[in-house]
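S.K.: Sharing a structure here in structure tokens format.
The values are calculated or read from the model by the stated rules, or taken from the named source; none is laboratory data. What you are looking at is a predicted structure, and each value in this text was computed from that prediction instead of being measured. As a convention, Cβ positions derive from the backbone with ideal geometry for all residues, glycine included, and neighbour counts pool all protein chains shown. In case anyone asks, the SASA skips ligands and DNA or RNA and just uses the protein heavy atoms, side chains included. Shrake-Rupley method; radii C 1.70, N 1.55, O 1.52, S 1.80 Å.
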Amino acid sequence: MRTVLFLVLLVSVSACDRGSSEAEQEFAGNKSQEDGETIESSQGMVGKLDISLRGTAMVDTPFQAPDGSTVRLSNFIGKPLLVNIWATWCAPCIVEMPMLDTLATREKERLKVLVVSQDIQGAEKVVPFFARGDFQELEPYVDPENGLSFGFGSGLMPTTVLYDAQGKEVWRVIGAMDWDGAKAATLLEETLAEG
């Protein structure tokens, strides 16, 4: 089991660390609707919008709430849910965190933003990061077993998935996104308006 976790961590690290150079090259050719739309921001963040899993049920793997209890994404059904998997060692993930916190604060009546760390050290690593970040709305959920990462199957962090109020996937962004930008607002609005 440790070998499998190590290999997943190694793949995740290399995917995240590719960041700008290889990820931009990889995503640059994927502009068709079938492959997903490449989203580039003025800050140099690159992600790929994927709607191929629209309408599928949410991943039901357990992870840990800030109080240490076990939760599942299904615990949040009832209003739209934006789930971001990230890690403290992933540079694009860290860039997104303040923007996700701003989004969570601005839209807290219509949207739950859930950031779930894939750090294998769990709360030991994540709680100090949150203390330094002084986030207003985000909470330190952890998934040291990487169940959500396996469930989402993107192989890249950050990956962010939007679910509607009934727990069905709307879209996902594989890679980084400017969550303060107009593109994010447009992508979210249809689901939030139904919310």
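S.K.: Answer yes or no: is there a residue in the stretch 133-148 that is surrounded by fewer than 16 Cβ atoms within 10 Å (Cβ to Cβ) and part of a helix (DSSP H, G or I).
M.R.: Yes, because at least one residue in the stretch 133-148 is surrounded by fewer than 16 Cβ atoms within 10 Å (Cβ to Cβ) and part of a helix (DSSP H, G or I).
S.K.: Scan the stretch 154-169 residue by residue and report those that are open to solvent by 30 Å² or more (accessible area, probe 1.4 Å), part of a loop (DSSP other than H, G, I, E, B) and either modelled with pLDDT under 90 or in contact with a Ser or Thr (Cβ under 9 Å, 6 or more places away or on another chain) (or both). Steps first, please.
M.R.: Filtering the stretch 154-169 down to residues open to solvent by 30 Å² or more (accessible area, probe 1.4 Å) leaves 154-155, 164, 166, 168.
Adding the requirement that they be part of a loop (DSSP other than H, G, I, E, B) leaves 154-155, 164, 166.
The answer is Ser154, Gly155, Asp164.
S.K.: If I filter the stretch 170-182 for residues that are part of a helix (DSSP H, G or I) and not small (Gly, Ala, Ser), do I get at least one hit? Before the answer, list the steps.
M.R.: Going residue by residue through the stretch 170-182, those that are part of a helix (DSSP H, G or I) are 182.
From the residues that got through so far, the ones that are not small (Gly, Ala, Ser) too are none.
Scanning the stretch 170-182 turns up no residue that is part of a helix (DSSP H, G or I) and not small (Gly, Ala, Ser).
S.K.: Looking at the stretch 100-113, which of its residues are touching a Phe, Trp or Tyr at 6+ places or on another chain (Cβ under 8 Å) and part of a strand (DSSP E or B)?
M.R.: Lys112
S.K.: Does the stretch 114-127 include one or more residues that are in contact (Cβ under 8 Å) with a residue 60 or more places away in the chain, open to solvent by less than 60 Å² (accessible area, probe 1.4 Å), on the phi < 0 side of the Ramachandran plot and of a type outside the set (D, E, K, R)?
M.R.: Among the residues of the stretch 114-127, at least one is in contact (Cβ under 8 Å) with a residue 60 or more places away in the chain, open to solvent by less than 60 Å² (accessible area, probe 1.4 Å), on the phi < 0 side of the Ramachandran plot and of a type outside the set (D, E, K, R), which makes the answer yes.
The rows are residues; the columns are (1) of a type outside the set (Ser, Thr, Tyr); (2) within 15 Å of Phe130 (Cβ to Cβ); (3) part of a loop (DSSP other than H, G, I, E, B).
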{"site": "Val83", "(1), (2), (3)": "yes, no, no"}
{"site": "Thr88", "(1), (2), (3)": "no, yes, yes"}
{"site": "Ile94", "(1), (2), (3)": "yes, yes, no"}
{"site": "Pro98", "(1), (2), (3)": "yes, yes, no"}
{"site": "Val115", "(1), (2), (3)": "yes, yes, no"}
{"site": "Asp119", "(1), (2), (3)": "yes, yes, yes"}
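S.K.: Moving on to the next point. What is the one condition in (1) in contact with a Pro (Cβ under 6 Å, 6 or more places away or on another chain); (2) over 20 Å from Met58 (Cα atoms); (3) modelled with pLDDT under 95 that Gly181 does not satisfy?
M.R.: So the condition that Gly181 fails would be (1).
S.K.: Can you tell me which residue in the stretch 94-112 is nearest to Val161 (Cα to Cα), limited to those that are open to solvent by less than 10 Å² (accessible area, probe 1.4 Å) and in contact with a helix residue (DSSP H, G or I) (Cβ under 7 Å, 6 or more places away or on another chain)?
M.R.: Leu111
S.K.: Looking at (1) open to solvent by 20 Å² or more (accessible area, probe 1.4 Å); (2) more than 15 Å from Trp179 (Cβ to Cβ); (3) touching a residue at least 60 places away in the same chain (Cβ under 8 Å); (4) not aromatic (Phe, Trp, Tyr), can you tell me which one Ala65 breaks?
M.R.: Result: Ala65 passes all but (1).
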